[in-house]
Amino acid sequence: KAGVTQTPRYLIKTRGQQVTLSCSPISGHRSVSWYQQTPGQGLQFLFEYFSETQRNKGNFPGRFSGRQFSNSRSEMNVSTLELGDSALYLCASSLREANYGYTFGSGTRLTVV
Amino acid sequence: TQLLEQSPQFLSIQEGENLTVYCNSSSVFSSLQWYRQEPGEGPVLLVTVVTGGEVKKLKRLTFQFGDARKDSSLHITAAQPGDTGLYLCAGVEYGNKLVFGAGTILRVKS
């Protein structure tokens, strides 16, 4: 079966712009989470969606937002980009609860210049 | 947010050697997960341990969850170059949130 698909794989944006990243979870998976990975901070939790509702949110500024559609596909948006937003953004899906483990996508590498 | 301390940060060993990676916290997690990540890719789930004292084996990899569910270890027997990668432990926190350790970069030389 198809894995978690993230698009685009690479993105270069200018400081101050906004960006939207997309994630298609494994078919049947209703939980979608987003993580930011940087060399200095490692993997940090952004937010989790389940059945179109945000269930949990990490400690990121309001410039980071997301949503989930009825087909479980999810998008995350970052507005007013800063240089420090350069990172690998990972999407992960799960059948039910986190205790079952997550399947991650290959990520979107965002570079802000 | 609970913290997970992972050690060592970096391991460089010869093919055939054994190694252990540790993951420790002062807090209790409902489960501990181990992932392996290769450059340019997302983490891949290796195992989930849920019960205190649980031991799981995956070929040459042995995972252990501490009795108090605060710590875990990953032991690799007779490491091979294909084991090279970033190993991450992650605890499940309230709210289905994964808290990740900083990771262990493993390099196995042939």
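State all residues of the range B:96-110 that are facing chain A (nearest Cβ under 7 Å) and open to solvent by less than 10 Å² (accessible area, probe 1.4 Å); if no residue qualifies, say none. If the condition is that a residue be facing chain A (nearest Cβ under 7 Å) and open to solvent by less than 10 Å² (accessible area, probe 1.4 Å), then B:L98, B:G103 are the ones that fit. Of the candidates B:G40, B:G85, the single residue that is under 30 Å from A:T7 (Cβ atoms) and free of Cβ contacts under 8 Å to residues at least 24 places away in the same chain is B:G40.
Of all residues in the range A:1-19, exactly one satisfies the criterion of being within 14 Å of chain B (Cβ to nearest Cβ) and charged (D, E, K, R), namely A:R9.
Of all residues in the range B:62-86, count the ones that are under 18 Å from B:Y22 (Cβ atoms) and either within 14 Å of another protein chain (Cβ to nearest Cβ) or outside any loop (DSSP other than H, G, I, E, B) (or both). So the answer is 14. Right, B:C89: in a strand (DSSP E or B) and out of contact with any Asp or Glu (no Cβ under 9 Å at 6 or more places or on another chain) or not? Yes: the conditions hold for B:C89. Scanning the range B:1-57 for residues that are more than 14 Å from chain A (Cβ to nearest Cβ), of a type outside the set (S, T, N, Q), open to solvent by less than 80 Å² (accessible area, probe 1.4 Å) and under 12 Å from the mean Cα position of the chain (by Cα) returns B:P8, B:L19, B:V21. Among strands (runs of 3 or more DSSP E) entirely within the range A:20-113, having at least 3 residues that are within 14 Å of chain B (Cβ to nearest Cβ), open to solvent by less than 20 Å² (accessible area, probe 1.4 Å) and touching a strand residue (DSSP E or B) at 6+ places or on another chain (Cβ under 9 Å) singles out A:31-38, A:42-50, A:87-94.
A quick yes/no check of all residues on (1) β-branched (V, I, T); (2) free of Cβ contacts under 8 Å to residues at least 60 places away in the same chain:
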position	(1), (2)
A:Q6	no, no
A:R9	no, no
A:V19	yes, no
A:H29	no, no
A:W34	no, yes
A:F45	no, yes
A:F50	no, yes
A:G58	no, yes
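The values are calculated or read from the model by the stated rules, or taken from the named source; none is laboratory data. Because the structure is predicted, anything quoted here is derived from the model rather than measured. Here Cβ is always computed from backbone atoms with ideal geometry, including for glycine, and neighbour counts include all displayed protein chains. Only protein heavy atoms, including side chains, enter the accessible area calculation; ligands, DNA and RNA are left aside. Shrake-Rupley method; radii C 1.70, N 1.55, O 1.52, S 1.80 Å.
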